[in-house]
Amino acid sequence: VACGGGTTPAATNTPPSVSVKSDGRAITTSTYLRSGSAVQIAATDPDVGGSITKVTYAIDGGARVSLTPAASITLPVGNLRGGQHELAVDATDNQNATTSIKVPFLIDAAAPTITQLTLNGQAAASTTTYTVGDAVLLDIAARDTRGDAANTAGPVTAIRVYENGSLDRKSTRLN
């Protein structure tokens, strides 16, 4: 009973909250995901005693898929073509309040390519050999595109050098 002899006001039902992330970061319209990577979908009900009863999603307007368990999932985005895509998510709570969101994202479908590889100033060949202990100056240049229709340039963030299958050096100082 409320003060003043009135009735208790009806509780309001707040719609579910939905988040879509990749590697722990929110996805935005400029987020590039690697082809074959995954996104995390999470739905929560902010109401006391509330629960999520249904979550569905679709990629690029395709068939809707129901999530089980209903509250969260890590979803592989598959081998989508390079370029823009959209993830649509609907979450419904136990009082039938629904939140619908659409999350645009981009797929980077192309691996970087090595554009130059020299050893001691000479073009490297598969038959080039050196003696253990020789000093060798390795120079590598690489280029990346996003693999979309526009062939959008992308960053090369690291170059790793392997020797006999083991990581020997990793450089993130790129010019």
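Annotations
- For the residues Ala91, Ala71, Ala150, a GNM of the chain with alpha-carbon springs under 10 Å puts the largest fluctuation on Ala150.
- Centre separation in Å (Cα based) which lies between region 24-47 and region 48-82: 11
- Stokes-Einstein D (µm²/s) once Rh is taken as the Kirkwood radius of region 24-175 over alpha-carbon pairs, at 25 °C in 0.890 mPa s: 128
- Here Ile101 sits with roughly 40 square angstrom of accessible surface, probe radius 1.4 Å.
- Solvent-accessible surface ranking, highest first, for Lys21, Lys102, Lys54 at 1.4 angstrom: Lys102, Lys54, Lys21
- When the Gaussian network model of the chain links Cα atoms closer than 10 Å, the mean-square fluctuations of Ala11, Ala158, Ala149 top out at Ala11.
- Relative contact order [Cα under 8 Å, 6+ residues apart], region 8-124, whole percent: 30
- Using a simple spin-label model with pseudo-atoms 7 Å out from Cα toward Cβ, Asn120 and Ala97 lie 7.2 nm apart.
- Only protein heavy atoms count here; on that basis, with a 1.4 Å probe, Tyr130 has an accessible area of about 100 Å².
- Using a Förster distance of 25 Å, the FRET efficiency for Ala111-Asp134 (Cβ separation, nearest 0.05): 0.25
- Surface composition of the chain: carbon plus sulfur atoms contribute 51% of the solvent-accessible area (1.4 Å probe, protein chains only, all chains present).
- With all protein chains modelled, accessible area of Thr157 [1.4 Å, Å²]: 100
- Simple spin-label estimate for Ala88 and Ala141 gives 4.6 nm between the two label positions (7 Å along the Cα-to-Cβ direction from each Cα).
- Computed over the alpha-carbon pairs of region 91-150, the distance histogram in 10 Å steps reads 16, 24, 17, 15, 10, 8, 9, 1 percent, short to long.
- Max mean-square fluctuation residue, GNM over the chain, Cα-Cα springs under 10 Å, options Asp47, Asp93, Asp108: Asp47
- Heavy-atom SASA rank of Val156, Val136 (probe 1.4 Å, accessible area, largest first): Val136, Val156
The values are calculated or read from the model by the stated rules, or taken from the named source; none is laboratory data. Treat the numbers as computed from the prediction; the structure is a model and nothing was measured. Using ideal geometry, Cβ is built from the backbone for each residue, glycine included, and neighbour counts are taken over all protein chains shown. When the accessible area is computed, the model is the full protein with side chains, heavy atoms only, and any ligands, DNA or RNA have been set aside. Shrake-Rupley method; radii C 1.70, N 1.55, O 1.52, S 1.80 Å.
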